[in-house]
1. Would you mind classifying the stretch 94-138 by shape? Square roots of the alpha carbon gyration tensor eigenvalues, ordered a ≥ b ≥ c; an a/c under 1.5 is rounded, otherwise it is prolate if a/b is larger than b/c and oblate if not.
2. So who's got an amide H within less than 5 Å of the one on Ser93, skipping anything under 5 residues away but keeping other chains? H placed 1.01 Å off N, in plane.
3. Set the Förster radius R0 to 22 Å, insert the Cβ-Cβ distance between Arg95 and Trp72 as r into 1/(1 + (r/R0)^6), and round the FRET efficiency to 0.05.
4. Can you pull the one-decimal nm distance between simple spin-label points at Val105 and Leu121, each 7 Å off the Cα toward Cβ?
Amino acid sequence: MEYAAVASPDTTSDPAASRVSRSPLLRAVYFTLGVFFFAGGLISFLPGIPTADLFVLSAFFFARSSDRFHNWMVNHRIIGKFIRQYSSGEGFSIRSKTIAVSGIVLSLGFSIIVLVDPVWLKVFLGAVGIYAVWFVLSRPTKATT
């Protein structure tokens, strides 16, 4: 699914505009899920939680419940960039990947060395860190021009 930036609140040029559910109950469920995943994205500084994926999920649910919130997310100067890059398949820049991997390694490394005592928890956090780094590096890399 590819998102186009919409400069105005008018949704006629937005491909998600026609995807809003007609059912008020379904719209409420989608909206609630959108808010839930958006909140998860905001607290995703915690180790092992992927930020971009939560915002993409939030945009997906807002596209089916609220044109206003969906357009706000897609056009947001920070969040919108993640959503558009992720959705278009163009990938993330090397700088974004470097920042993400550094954050994962530093936060989990600090937790393993300083905050956690049980060996099983250190091993678990190490495994989560390895998976998180693999996940970030396995996403497409944006071609530089």
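1. In terms of gyration-tensor shape, oblate.
2. Correct list: Lys142.
3. 0.30
4. Reported label-point gap for Val105 and Leu121 is 2.5 nm.
Only the coordinates and a few stated rules stand behind these numbers; no lab work does. Worth saying up front: this structure is predicted, and the values here are computed from it rather than measured. Note: ideal-geometry Cβ built from the backbone for every residue, glycine included; neighbour counts use all protein chains shown.
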